[in-house]
Structures are given as C-alpha cells and as structure tokens.
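Working notes for the structure below.
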Amino acid sequence: GAGKPPLYGDYEAQRHWQEVTYNLPIRQWYFNTSDNNLLYWGLDYPPLTAYHSFLCAYIAKLINPDWIALHTSRGYESQPHKLFMRTTVFVADLLIYVPAVILYCFSLKETSTKKKASICALCILLYPGLILIDHGHFQYPLSLGFALWGVLYLSYDWDLLGSVAFCLALNYKQMELYHSLPFFCYLLGKCFKKGLKGKGLVLLSKIAGTVVVSFAVCWLPFCTDMEQIMQVLRRLFPIDRGLFEACMFSSPPPRLANIWCSLSVLIKIKNMVSPQTQLKLSFAVTFLSVLPTCIKLTVQPSLRGFKFALVSCALSFFLFSFQVHEKSILLASVPVCLIINEIPFMATWFLLVSTFSMLPLLLKDGLLLAYAVTTLAFLSVCVASFSIFDKTSAEDLQLKPFSLSLKGYVSWFKSFPKIVRSLFLLSVTLMGVLSLMSAAVHPPQRLPDLFPVSVSVISCLHFLLFLVYFNVVVLWDSKNSRSQKKIS
C-alpha cells in the first residue's frame with residue numbers, strides 16, 4: 001500500500017499506532033474520537049502491542065517529531081523513516097525471536113553438536129514466510145517470539161516462566177489463541193499427572209496465579225472502568241464484521257487458503273447463512289477438529305505431543321475459525337519449524353506450501369523476487385542439511401505406529417517412501433508453475449481471479465492433508481514411545 005491513500009498499508013498502520021499512543025491519553029487509545037478515527041487503522045491488538053508502539057514512538061520523537069505528529073503525519077513514507085521502522089522490526093527480531101530460536105536448537109538432544117544446532121537454527125531463521133511478511137507486509141515478530149520462549153521454558157519444566165511468556169504473546173496478539181489450547185492442555189495434563197490432591201494442585205494454583213497476575217499487569221491501565229475493558233475487547237474481537245472480514249485484500253472470490261474461503265468458490269456461504277450462524281458454525285467445526293488432539297495431550301502430556309499439538313491446533317484454527325487472515329498461517333508454520341529436526345521432509349514441505357499460500361498477498365506487496373529467492377534458499381538449505389529425500393519412510397515420518405495398526409490392510413505402505421517423494425515433487429512443480437503464471441500470465445477476462453483462487457484452493461487441499469497427517473502422528477503416538485524426546 002505504499003503511496004496509495006487513503007489507507008496506504010500495514011506499514012502505515014504500525015506508524016499510526018505510534019502516533020496515537022504517543023499523542024493521546026491511554027483512555028482514548030481504543031475509542032473513536034476526533035483525534036482517533038478508528039476507521040483509519042484504529043488499534044485492534046491487545047495492550048502489549050500498544051505499549052510497544054508507544055516505546056517506538058518515544059524513540060521516533062527523539063529522532064524526528066514529524067514522524068508521529070498528530071494528524072499531519074498520516075501517510076509519512078520518507079526514506080529515513082522507512083529505515084527507522086525496518087530497524088525496529090530487526091531489533092525486535094534480535095531481542096526476542098532470534099535468541100529463542102537459537103537457544104531452542106542448541107538445547108535439543110537431537111542436535112548434539114554445535115554444527116547440527118547451527119544448521120537447525122539456520123533453517124528455521126531462513127523460513128521465507130516470516131521474513132517476507134515481517135519485512136514486506138510489515139508486522140513485528142514479538143508474539144511469535146514470546147510463544148517460542150514459552151515453548152522453550154516448558155521444555156525445561158519451567159512452567160511458571162512458560163506461562164508468563166505465553167501470556168505476553170497472547171497480550172501482544174490475540175491470534176495467539178491459536179496456540180492457547182495446547183499450552184492449557186499440556187500444563188493441565190502435567191497437573192493431573194502429579195495428582196490434583198497434592199503437587200498437582202499446588203502447580204495448578206501457581207500457574208493460575210501467574211496467568212492472573214500477568215494479565216492484570218498488562219491490562220492495569222485499562223481497568224479503570226468496565227467500559228474501557230469492554231471497548232478493548234470489542235476492538236480485539238469485532239465479530240460483527242462477518243466470516244470473511246479478513247479477506248479484505250481481495251474481492252470475492254476470496255484469496256485465503258482456509259476451508260470457508262475455498263468452499264465459497266462453489267457455495268456462497270455468506271449469502272446462505274447469517275453472520276451469527278457463520279460464527280456458530282466456525283466455532284463448532286474448529287472445536288471438533290481440535291478436540292481429539294487436546295484430549296490426547298491432556299491425558300498423556302509429553303513435550304513431543306505438545307509441539308505436534310501446537311501445529312495441529314493452529315492449523316485447525318487457520319482452516320476453520322472465524323475471520324482468518326492470509327498471514328495467520330505463520331501461527332502454524334512457526335511450530336512446524338520447531339519439529340523440522342524430527343520430520344524434516346514433511347516440515348520442509350509444509351513450510352513451502354505455507355509460503356506459497358500467501359502468494360497473492362506477496363504479489364500485491366511487490367515481493368515476487370524476494371519470494372523466489374528466499375524460497376529457493378530455504379529449500380536448498382533444507383535439502384542439503386537434512387537430506388530430506390532420504391527421510392521418507394514411515395518411521396522417518398513418525399507414522400510407524402499408524403502403519404503397524406494397518407498392517408495386513410494396506411499393502412501400499414511398502415512403497416510409501418516412493419509415493420511420498422513423488423507427491424512432493426508434483427506439489428513443488430505445481431506451486432512453481434502457478435507462481436510463474438500468477439506473476440507473468442494475464443488471466444482470462446471471464447476469470448480475473450483464476451490464479452489467486454487456484455493458489456488458495458490448492459493450498460487449502462494441502463493444509464487439509466497436513467492436518468490429517470499431524471493428527472495421525474499425535475493420536476497414534478504411544479505414551480512410552482522411544483521417539484518421545486525431551487530437552488536435556
């Protein structure tokens with residue numbers, strides 16, 4: 001949206017939030033006033049985002065007050081300001097996200113040497129989806145970084161620190177709800193395992209107290225009256241906008257790779273079902289899709305099951321929940337990065353598809369060259385580092401328990417590696433061809449949205465298959481499986 005009034009783009013949204021938080025009192029940050037038009041990039045993220053915007057604005061004010069001047073700074077896009085804004089993202093990366101990735105990789109038992117840990121960290125940090133969105137569509141990586149710190153702390157059994165870290169993630173972006181059920185079920189399962197009449201009850205009380213205090217600290221300035229709290233919540237969850245509000249970057253048919261937008265190509269859901277029914281339907285389907293994984297994690301809590309549940313639940317939320325955005329696939333992709341050392345073949349495949357699914361958004365942002373370069377670099381490093389084509393057996397893909405349960409019924413499991421490799425090559429070829437056609441070929445006049453719709457539908461079909469795969473891995477995982485790995 002650079003240089004395109006009246007809204008410009010997400011870059012302007014982040015700049016405008018700095019303008020609002022610096023110049024207006026806290027009680028006005030989320031309210032519509034003459035100085036804060038909520039229709040012009042009004043704040044719609046939790047308080048921690050607002051505080052971060054204020055901090056950036058304070059530094060911006062010291063450098064150039066014009067960058068955040070009330071009203072007159074709208075659409076400000078000078079080169080020095082772009083450098084400042086890029087720097088704020090880079091600093092956030094270096095302080096929160098990158099250290100979490102590096103420490104995570106160096107603490108894994110599977111990465112027993114520094115070289116293996118470095119390779120694992122390099123592959124995660126080269127994931128093109130996050131690079132392209134954070135620096136192209138423009139957002140900060142803090143919520144994902146805090147969530148990674150939460151996973152890291154829980155890996156060491158530092159449950160209270162893990163709870164604090166995830167509370168910070170949730171108070172930075174409400175989309176971290178995608179990860180909330182695995183965190184909740186894993187910690188609850190640990191409490192059950194310790195016994196709710198003894199140590200388990202003590203742990204549960206400590207975790208509950210930690211969560212309450214963390215939220216209270218983040219929300220304290222907004223707790224002056226109930227109207228303040230309700231207004232913030234209304235901004236965070238604007239359910240009256242409808243099922244497809246997040247597809248605002250495209251006219252119908254939508255370009256989002258979730259089930260509702262893909263189905264709308266054939267079935268006009270918005271015309272057939274009322275907004276209230278849409279909300280109920282999406283809630284019901286999302287709840288049912290995450291239920292098996294959550295039950296398994298609560299009954300048999302394990303670190304390995306927790307990481308796979310993060311992927312499965314986030315993917316379910318992306319596919320079935322209400323008001324999904326194209327870049328929400330990052331919430332499933334980052335947990336996949338955490339298991340890239342365990343299932344390098346499937347993780348690499350998923351991460352390629354997740355980047356491809358955002359192609360219409362990336363093309364809109366003028367990121368074709370960056371998309372091609374980062375994707376090829378990521379694929380090359382993964383192939384060279386993990387020898388992914390040699391990791392396609394049922395055991396390598398964590399499907400051994402499932403294959404044993406089907407023994408005698410499914411004869412093609414013997415040729416399973418060859419089938420999987422063929423499907424991967426077909427998938428990559430299809431994504432490459434569609435990427436080239438989207439960028440270089442004019443669609444037929446009768447079907448102007450042919451390529452973006454094709455991208456969304458094909459990506460959605462991939463994600464549905466991946467959802468089945470990850471659920472199978474979680475549900476067929478034995479409690480005492482030798483493949484359960486804990487961090488040393």
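Summary table below
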item: Paramagnetic reach from Phe215 in region 160-182 [backbone N under 14 Å; point 7 Å along Cα→Cβ]; result: 164, 166-172, 174, 177, 180-181
item: Label of the coordinate-derived value, semi-axes √(5λ) of the Cα gyration tensor in Å, listed as (i) 47, 28, 22; (ii) 35, 29, 23; (iii) 31, 29, 21; result: (ii)
item: Spin-label pair Glu77/Ile26, simplified geometry with 7 Å Cα→Cβ offset, distance in nm; result: 3.5 nm
item: Estimated [θ] at 222 nm from DSSP helical runs (n ≥ 4, -39500 (n - 2.57)) normalised by residues in the chain, nearest 500; result: -20000 deg cm²/dmol
item: Accessible-area composition of region 242-477, carbon plus sulfur, in percent [1.4 Å probe]; result: 71 percent
item: Region 242-477, accessible area per residue, ligands and nucleic acids excluded (1.4 Å, Å²); result: 43 Å²
item: Inter-label distance, nm, simple model (7 Å from Cα along the C-beta direction), Leu38/Val91; result: 3.1 nm
item: Ordering of 322-335, 419-432 by packing [mean C-beta count within 10 Å, highest first]; result: 322-335, 419-432
item: Cα-centred dipole magnitude for the chain, charges only on beta-carbon of K, R (+1) and D, E (-1), debye, nearest 20; result: 1580 debye
item: Carbon + sulfur, % of accessible area of region 108-162 - ligands and nucleic acids excluded, 1.4 Å; result: 67 percent
item: Entries in Lys109/Lys327; Lys364/Lys391; Lys4/Lys268; Lys190/Lys400; Lys327/Lys400; Lys270/Lys327 that, when Cα-Cα distance is taken, lie over 29 Å; result: Lys109/Lys327; Lys364/Lys391; Lys4/Lys268; Lys327/Lys400
item: Relative contact order of region 242-477, pairs being alpha-carbon contacts under 8 Å that are 6 or more residues apart, as %; result: 28 percent
item: Using a Förster distance of 25 Å, the FRET efficiency for Phe389-Val468 (Cβ separation, nearest 0.05); result: 0.65
item: The chain, relative contact order [Cα under 8 Å, separation at least 6], %; result: 17 percent
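The values are calculated or read from the model by the stated rules, or taken from the named source; none is laboratory data. Note that the structure is predicted; figures quoted are calculated from it, not measured. Counting neighbours? That spans all protein chains shown, and the Cβs are built from the backbone with ideal geometry, glycine included. Heavy atoms of the whole protein, side chains included, go into the accessibility calculation; ligands, DNA and RNA do not. Shrake-Rupley method; radii C 1.70, N 1.55, O 1.52, S 1.80 Å.
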